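Worksheet: one structure, shown below.
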Amino acid sequence: MSEEAPAVPRHIAVIMDGNGRWAKQRGLKRIKGHEAGAESARAVLHSAREAGVEVLTLYAFSSENWKRPQDEVQGLMTLLPKMLIKHERILHDHETRLRVIGRLHELPDRARKELQRVMDNTEAYSKHQLVLALNYGSRQELADAAKAIAAKAQQGSLNPEEVDEACLAEHLYAPDLPDPDFLIRTSGEQRLSNYLLWQLSYAEFYFAPEFWPDFREDAFAKALEVFQGRQRRYGGLSA
Ligand code: IPE
Ligand code: IPE
Ligand code: MG
């Protein structure tokens with residue numbers, strides 16, 4: 001793949017936004033929007049796999065989403081294990097490994113256990129990965145990395161002089177993943193909301209107008225087309 005004409009992104013990161021507004025438009029409760037959004041996650045996983053994307057990272061719950069009303073937070077935390085049970089088969093069909101980035105230990109027991117179970121069951125698949133950003137915040141991730149590095153320096157296992165970009169990257173939640181090539185945010189909002197600040201440094205951004213529950217196969221295909229029209233220079237010059 002040349003830098004000038006990217007074919008298929010190796011890693012796509014998605015901010016699945018607009019579930020609440022989608023529900024409101026239909027006079028439904030917000031949780032209905034999240035349920036419909038889970039169907040889009042399934043559709044996009046399928047399309048991404050078909051297109052040859054290796055890693056799909058979905059922003060499912062941010063560190064700041066705890067600020068929402070308790071019934072919505074609880075609804076989301078109940079929906080998650082339900083969806084894992086319902087859709088585990090799809091991960092096996094696609095030979096896709098499930099991973100989580102975020103402070104997993106702070107999630108309710110039920111959600112954590114179900115996640116762990118499916119992560120264990122899919123651990124052997126190495127080529128394709130679905131990463132859920134859950135209780136994830138990029139600033140928290142960077143703070144956690146700084147803390148781990150500082151602890152090693154204090155113990156004497158790491159020389160502060162050796163702290164460089166590579167060292168910091170190695171202390172992120174999923175250091176082995178390639179950086180995302182493409183960021184998709186749905187619902188027309190144009191901001192990062194504390195998502196993958198480090199990893200998205202050179203990603204191409206695409207803001208889709210659809211609310212997430214309406215973002216299905218066709219919308220994904222359109223996004224890929226947009227990506228293919230982009231030119232990536234990484235600070236250099238075009239050939
Ligand atoms: C995204 O949809 C899903 C989560 C943040 C969990 P929203 O719930 O943010 O939907 P809007 O933005 O309020 O429409
Ligand atoms: C970002 O969406 C988080 C997820 C999609 C999980 P939000 O809806 O929480 O972001 P803001 O509050 O509009 O920035
Ligand atoms: Mg939102």
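The values are calculated or read from the model by the stated rules, or taken from the named source; none is laboratory data. Small disclaimer: the values here were computed from a predicted structure and weren't measured. Using ideal geometry, Cβ is built from the backbone for each residue, glycine included, and neighbour counts are taken over all protein chains shown. These accessible areas exclude ligands, DNA and RNA; they are computed on the full protein's heavy atoms, side chains included. Shrake-Rupley method; radii C 1.70, N 1.55, O 1.52, S 1.80 Å.
Observations on the structure shown:
- Where a label projected 7 Å from the Cα of ARG26 along Cα→Cβ would reach, residues of region 37-55 with amide N under 13 Å: 37-40
- Alpha carbon centroid spacing (whole Å) that separates region 64-103 from region 127-153: 18 Å
- For region 6-35, the list of trypsin sites (Lys or Arg not before Pro) that fall in a loop by DSSP and count at most 12 other C-beta atoms within 10 angstrom reads ARG26.
- Exceeding the 23 Å Cα-Cα cut-off - candidates LYS113/LYS152; LYS127/LYS152; LYS86/LYS113; LYS113/LYS147; LYS29/LYS222: LYS113/LYS152; LYS127/LYS152; LYS113/LYS147; LYS29/LYS222
- Note on ALA151 and ALA174: the extension gain reaches 6.4 nm, defined as 0.36 nm multiplied by sequence separation minus the Cα-Cα distance.
- Charged neighbours of VAL226, selected by a Cβ distance under 14 Å, balance to -1 (K, R count +1; D, E count -1).
- Net charge of neighbours whose Cβ lies under 9 Å from the Cβ of THR186, counting Lys and Arg as +1 and Asp and Glu as -1: -3
- GLU189, GLU217, reordered so the largest accessible area comes first (probe 1.4 Å): GLU217, GLU189
- Here LYS152 sits with roughly 80 square angstrom of accessible surface, probe radius 1.4 Å.
- Of the chymotrypsin sites (Phe, Trp or Tyr not before Pro) in region 131-229, the ones in a loop by DSSP (not H, G, I, E or B) with at most 13 other beta carbons within 10 Å are TYR202.
- Placing a pseudo-label 7 Å from each Cα along the Cα-to-Cβ vector at ARG117 and ILE90 gives an inter-label distance of 1.8 nm.
- Surface composition of region 8-227: carbon plus sulfur atoms contribute 50% of the solvent-accessible area (1.4 Å probe, protein chains only, all chains present).
- Surface exposure of region 8-227, expressed per residue as accessible area with a 1.4 Å probe, stands at 50 Å².
- ASP176 accessible area, assembled protein chains, probe 1.4 Å, Å²: 100 Å²
- Taken along the Cα-to-beta-carbon direction at a fixed 7 Å, the label points for ASP109 and ARG139 span 3.3 nm.
- Value of D in µm² per second that Stokes-Einstein yields for region 189-239, Kirkwood Rh from Cα pairs, at 25 °C (0.890 mPa s): 189 µm²/s
- Distance cut-off 17 Å, percentage of C-alpha pairs in region 101-157 lying past it: 55 percent
- The Rg/Rh ratio for the chain is 0.97, where Rg is the radius of gyration of the alpha carbons and Rh is the Kirkwood radius.
- The Kirkwood radius of region 134-239, taken over pairs of alpha-carbon atoms, gives through the Stokes-Einstein law at 10 °C and 1.306 mPa s a diffusion coefficient of 98 µm² s⁻¹.
- Residues whose amide H comes within less than 5 Å of that of ILE101, counting only those at least five positions distant or on another chain, are LEU132, ALA133, LEU134 (H built at 1.01 Å from N in the peptide plane).
- Accessible surface of ARG97 - all protein chains present, 1.4 Å probe, nearest 10 Å²: 70 Å²
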